[in-house]
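J.: Would you mind keeping the following structure in view while I ask a few things?
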Amino acid sequence: MDKLQETSGNVEELKSELGELEPELKATQEEGQRLTHALAHHRSQVSTVRDQMLTQEDKVKERSDAVTALGEEIAQEVGEALPGLEAAEKSIRALDKKDLVEVRVLNKPPDIVLLVLEPICILLSVKPEWSAIKTLLGDPTMTKRMLEVEKDTISDATLRKLKKYTESPKFVPDEVGKVSKPC
């Protein structure tokens, strides 16, 4: 019976300890549930952010591909334009004062001559009209100025103005050369 009383005492003692630990156990369980919910919420947020990042990554890749394609297109256009630029520079270097005077003394130059000289005026910031062109043709630094035009920094507005000339079907070097050697 002593054993029974001792065991009964132990059981009561354990019940008492369990009663004391029960609020702590309940708090721990509640904290575990709260952490589980928080973890699920954070996982959801991480998933959302990851999806947004993947979307942004796709957009960046698309833009990068577009920039690369544009760069390749520009490189091709530059490659196509370079021989013309080199030929133009060679022609400018070949000009002498006599050639320029030949054009300058004209009272009314042929339209095709103006078609060549007006874009030069635009590039050199000279008004593209005959009186200003005549003054430009008399400028001893004209050819130097033409060679020093910063081709890489020509504004879009200037390029739009030049397009009218370069897209003209009359803007053909061989045809211009028939009318005026210097042009």
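Please treat every number below as a calculation from the coordinates, not as lab data. Model, not experiment: these values are computed from the prediction. Don't worry about glycine lacking a Cβ; one is built from the backbone with ideal geometry, like all the others, and counts go over all protein chains shown.
J.: What percentage of all Cα-Cα pairs in the chain are separated by more than 29 Å?
T.: 56
J.: Over the residues of segment 95-183, compute the C-alpha Rg and express it relative to 2.2 N^0.38 Å.
T.: 1.05
J.: Work out the length of the dipole vector of the chain about its Cα centre, built from +1 on the beta-carbon of each Lys and Arg and -1 on the beta-carbon of each Asp and Glu, and round it to the nearest 20 debye.
T.: My answer is approximately 2380 debye.
J.: Here is a follow-up. Given a Förster radius of 25 Å and the C-beta distance between residue 65 and residue 160 as r, what FRET efficiency does 1/(1 + (r/R0)^6) yield to the nearest 0.05?
T.: Rounded to the nearest 0.05, the efficiency is 0.35.
J.: Continuing with the same structure: Give the distance, in whole Å, between the Cα centre of segment 40-63 and the Cα centre of segment 66-134.
T.: 52
J.: Please turn the phi angles of segment 74-88 into ³J(HN,Hα) values with the Karplus equation 6.51 cos²θ - 1.76 cosθ + 1.60 (θ = phi - 60°), one per residue in order, whole Hz, x for glycine and proline.
T.: Running phi through 6.51 cos²θ - 1.76 cosθ + 1.60 with θ = phi - 60° gives 5, 4, 5, 5, 5, x, 6, 7, 4, x, x, 5, 5, 5, 5 Hz.
J.: Between residue 3 and residue 25, what FRET efficiency follows from the Cβ-Cβ distance if R0 is 35 Å, with the result rounded to 0.05?
T.: Once rounded, the FRET efficiency stands at 0.70.
J.: Give me a comma-separated list of calculated 3J(HN,Hα) values for segment 3-16, in order, Karplus coefficients 6.51, -1.76, 1.60 applied at θ = phi - 60°, integers in Hz, x for any Gly or Pro.
T.: Each residue of segment 3-16 in turn: 5, 5, 5, 5, 5, 4, x, 5, 5, 5, 5, 5, 4, 5 Hz.
J.: A further question follows. Hey, any idea what the orientation-averaged projected area of the convex hull of segment 30-113's Cα atoms comes to, in nm²?
T.: 11.4
J.: Through the Karplus equation 6.51 cos²θ - 1.76 cosθ + 1.60, θ set to phi - 60°, convert the phi angles of segment 138-144 into ³J(HN,Hα) values in whole Hz; use x for Gly and Pro.
T.: Karplus-based 3J(HN,Hα) across segment 138-144 equals x, 6, x, 9, 4, 5, 4 Hz.
J.: Still on this model: Let me know the longest stretch in the chain that avoids all GluC sites (Glu not before Pro) found in a DSSP loop with at most 12 other C-beta atoms within 10 Å.
T.: Looking at the chain, 1-128 is the longest stretch - no exposed GluC sites (Glu not before Pro) with at most 12 other Cβ atoms within 10 Å.
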